[in-house]
1. Looking for whichever is surrounded by 12 or more Cβ atoms within 10 Å (Cβ to Cβ), of a type in the set (Asp, Glu) and modelled with pLDDT under 95 here; the options are 175, 151, 145. Which one fits?
2. Which of the numbered conditions does residue 192 fail, given that it passes all the others? Conditions: (1) exposed (fewer than 12 other Cβ atoms within 10 Å of the Cβ); (2) under 19 Å from residue 93 (Cα atoms).
3. Looking at residue 18 and the list (1) open to solvent by less than 60 Å² (accessible area, probe 1.4 Å); (2) within 20 Å of residue 96 (Cβ to Cβ), which single condition is not satisfied?
4. Restricting the search to the range 175-213, which residues are polar (S, T, N, Q) and in contact (Cβ under 8 Å) with a residue 24 or more places away in the chain?
5. When you go through (1) assigned to a helix (DSSP H, G or I); (2) of a type outside the set (D, E, K, R); (3) more than 24 Å from residue 20 (Cα to Cα) one by one for residue 147, which number turns out not to apply?
6. Is it true that residue 54 is over 23 Å from residue 172 (Cβ atoms), open to solvent by 30 Å² or more (accessible area, probe 1.4 Å) and small (Gly, Ala, Ser)?
7. If I filter the range 113-123 for residues that are touching a Gly at 6+ places or on another chain (Cβ under 7 Å), within 16 Å of residue 72 (Cα to Cα) and open to solvent by less than 60 Å² (accessible area, probe 1.4 Å), do I get at least one hit?
8. Would it be correct to say that residue 132 is open to solvent by less than 60 Å² (accessible area, probe 1.4 Å), under 26 Å from residue 72 (Cβ atoms) and outside any helix (DSSP H, G or I)?
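The values are calculated or read from the model by the stated rules, or taken from the named source; none is laboratory data. Remember, predicted model here, so these are calculated numbers, not experimental data. Cβ sites come from the backbone with ideal geometry, for glycine too, and all protein chains shown count toward neighbours. Protein only, heavy atoms only, side chains kept; ligands, DNA and RNA dropped before computing areas. Shrake-Rupley method; radii C 1.70, N 1.55, O 1.52, S 1.80 Å.
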Amino acid sequence: MLIAFEGIDGSGKTTQAIELSRRLEEEGVPNEVVREPGGTRLGEGVRELLLHRSDLKISPLAEFLLFSASRAQLIEEKVTPMLRAGKTVILDRYFYSSVAYQGFGRRIPIDDIESVSRFATGGLLPDVVFLVELDLDTAMKRREDAGRRADRMEESEVRFFEDVISGFKECARRDPGRFVIIDGSAPVVKISERIYNHVASRIKNLAEERNAP
């Protein structure tokens, strides 16, 4: 099973991805969390360039292609082999982030984003996408309270992030059967329980489908 978490930085998506992994492990479900960009040696190098090299001027197109290169390596090197081995893979971001950040935020044509993303991933789609929604002010305050230094993406203007939020909403609107909208302002434990119950139900249904005559 392939699960993706999406949302703006500070929404709590990474916390929920890790918590889901822990719950599944307790239930004996082999799984692994991988992050974007990153997850491979190449991907971590790309992550450093994209997020922490503020001295580099990276064009919107180059930014998108670097994310896509990291994603392609992650799918081939990690995700596909793990899925074939029967593991549940939890993605901390997927190509929907490119639609939101580089498409809606950087104004790269959405059709081009989706075309390149399909090519980079071999058309691999998640079984479910949890979109953790949170208003921008709260997300920014969470990052500040955590003492996190803003990376290159997070230093963008407020309007940019408003467009990114719109992009995620549009992704969910266009694929309602795959997306589950999560209120990121709810208590962490309550969010975790809802996510786990949804995934447990999906795993049970998939198992029943495989065992059906």
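1. Values: 175 fails: modelled with pLDDT under 95; 145 fails: surrounded by 12 or more Cβ atoms within 10 Å (Cβ to Cβ).
Going through 175, 151, 145 in turn, the sole match is 151.
2. Condition not satisfied by residue 192: (1).
3. (1)
4. Selection gives 185, 192.
5. Just one mismatch for residue 147, condition (1).
6. Numbers: over 23 Å from residue 172 (Cβ atoms): yes; open to solvent by 30 Å² or more (accessible area, probe 1.4 Å): yes; small (Gly, Ala, Ser): yes.
Considered against the rule, which asks whether it is over 23 Å from residue 172 (Cβ atoms), open to solvent by 30 Å² or more (accessible area, probe 1.4 Å) and small (Gly, Ala, Ser), residue 54 comes out as yes.
7. Filtering the range 113-123 for residues touching a Gly at 6+ places or on another chain (Cβ under 7 Å) gives 113.
Going one step further and asking which of them are within 16 Å of residue 72 (Cα to Cα), we end up with 113.
Among the residues that remain, those that are also open to solvent by less than 60 Å² (accessible area, probe 1.4 Å) are: 113.
Yes: the range 113-123 contains one or more residues that are touching a Gly at 6+ places or on another chain (Cβ under 7 Å), within 16 Å of residue 72 (Cα to Cα) and open to solvent by less than 60 Å² (accessible area, probe 1.4 Å).
8. Values: open to solvent by less than 60 Å² (accessible area, probe 1.4 Å): yes; under 26 Å from residue 72 (Cβ atoms): yes; outside any helix (DSSP H, G or I): yes.
Yes: the conditions hold for residue 132.
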